[in-house]
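Down below is the structure, laid out as structure tokens.
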Amino acid sequence: MASITLPIEYGYTIAVSVVSSVLVVFLGHNVGAYRKEAGVPLPTMYAEESEAKKDKKKMIFNCKQRVHQNTLEGYTSFMISLMIAGARYPVAAPALGLIWCAGRVAYSFGYTSGDPNKRIYGAFGHIGDLGLLGLNAKMAFDMITA
């Protein structure tokens, strides 16, 4: 039977996975909390575009919804990359994970400011994604060529 030994520092990776999970829940809560204020009833996912153009609250609701969905679209690959990379790089991987989380927060604040173009403020979060991808690629290369 094969076994995996994780370094004690892997706890940092687990901690960042918890932080990122709380972030995703927080972003989802933002959508739900703003839904009533914007007047977008359940189960409607987004306010109609024509309504959002006339009503800033509906537009901001759509932005909050989009931030949450955009985060969820990449969350699975982020978590898998984080957990795998953390096994060999238990300090670098969670550091990159925190960059990803900070990028998501900046993206959220920018996007929901009333000017969706400000979402670009969170672009630095891709350093986290790309860094984790690089660590995973390095691990794969090292394992294949060993």
(message) I'm checking my understanding of the structure. Among residues of the stretch 99-128 that are of a type in the set (S, T, N, Q) and over 14 Å from the mean Cα position of the chain (by Cα), which one is surrounded by the fewest Cβ atoms within 10 Å (Cβ to Cβ)?
(response) ASN117
(request) Taking PHE61 as meeting all but one of (1) of a type outside the set (Asp, Glu); (2) at pLDDT 95 or above; (3) surrounded by fewer than 17 Cβ atoms within 10 Å (Cβ to Cβ), write down the number of the exception. (result) (3)
(request) Scan (1) closer than 30 Å to PRO7 by Cα; (2) modelled with pLDDT under 95 for the single condition ASP115 breaks and write down its number. (result) (1)
(message) Please count how many residues of the stretch 90-108 are under 20 Å from VAL67 (Cα atoms) and either modelled with pLDDT under 95 or not hydrophobic (A, V, I, L, M, F, W, C) (or both).
(response) 5
(request) Out of TYR75, TYR46, report the one residue that is over 22 Å from ILE127 (Cβ atoms) and either exposed (fewer than 13 other Cβ atoms within 10 Å of the Cβ) or not charged (D, E, K, R) (or both). (result) TYR46
(message) Looking at the stretch 18-35, can you tell me whether even one residue there is within 15 Å of the chain's Cα centre (by Cα), surrounded by 12 or more Cβ atoms within 10 Å (Cβ to Cβ), among the hydroxyl-bearing types (Ser, Thr, Tyr) and within 21 Å of ARG104 (Cα to Cα)?
(response) yes
(message) Looking only at helices (runs of 4 or more DSSP H) that lie completely in the stretch 1-93, which have at least 2 residues being touching a residue at least 12 places away in the same chain (Cβ under 8 Å) and of a type in the set (A, V, I, L, M, F, W, C)?
(response) 10-38, 56-88
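The values are calculated or read from the model by the stated rules, or taken from the named source; none is laboratory data. Only a predicted model underlies this, so the values are computations on that prediction, with no experimental measurement involved. Here Cβ is always computed from backbone atoms with ideal geometry, including for glycine, and neighbour counts include all displayed protein chains.
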